[in-house]
Amino acid sequence: MIITVVVSMILMILLATFAASSLCRARELWAFDACRADHLRRLLIDALETLDRYKEDDNEPKKR
């Protein structure tokens with residue numbers, strides 16, 4: 001009977017430790033994804049602004 005209780009307690013502690021580490025890992029992954037998404041958003045904005053500049057340069061009348 002005591003062995004069952006001890007084994008159950010050990011399993012509960014291991015499960016709680018695993019759950020806590022999984023939550024920490026999930027938080028790290030979410031932060032990485034948010035940072036990566038922000039970086040990709042900035043790259044996209046830069047690319048669109050560059051395209052707009054090229055279009056404006058092409059639309060300017062050429063002097064001869």
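Between the helical axis of 2-59 and the dominant principal axis of the chain, each derived from Cα atoms, what acute angle in degrees is found, rounded to the nearest 10?
Tilt of helix 2-59: around 0 degrees.
Given the options ALA47, LEU11, CYS24, identify the residue whose Cα lies farthest towards the positive end of the charge dipole of segment 1-56 (+1 on Cβ of Lys, Arg; -1 on Cβ of Asp, Glu).
LEU11
If you rank MET1, MET12 by fewest surrounding Cβ atoms within 10 Å, what's the result?
Exposure proxy ranking, most exposed first: MET1, MET12.
Using a Förster distance of 35 angstrom, determine the FRET efficiency expected from the C-beta separation of SER8 and ARG41, and round it to 0.05.
0.10
How large is the Rg to Rh ratio of the chain when both quantities use alpha carbon positions and Rh follows Kirkwood? Working shown, then result.
Working: Rg = 27.9 Å, Rh = 16.9 Å.
That ratio is 1.66, to two decimals.
Bear in mind these aren't lab numbers, they're just calculated from the coordinates by the rules spelled out. Everything numeric here is computed off the predicted structure, so don't read it as measured data. Cβ: placed from backbone, ideal geometry, glycine included. Neighbour counts: every protein chain shown.
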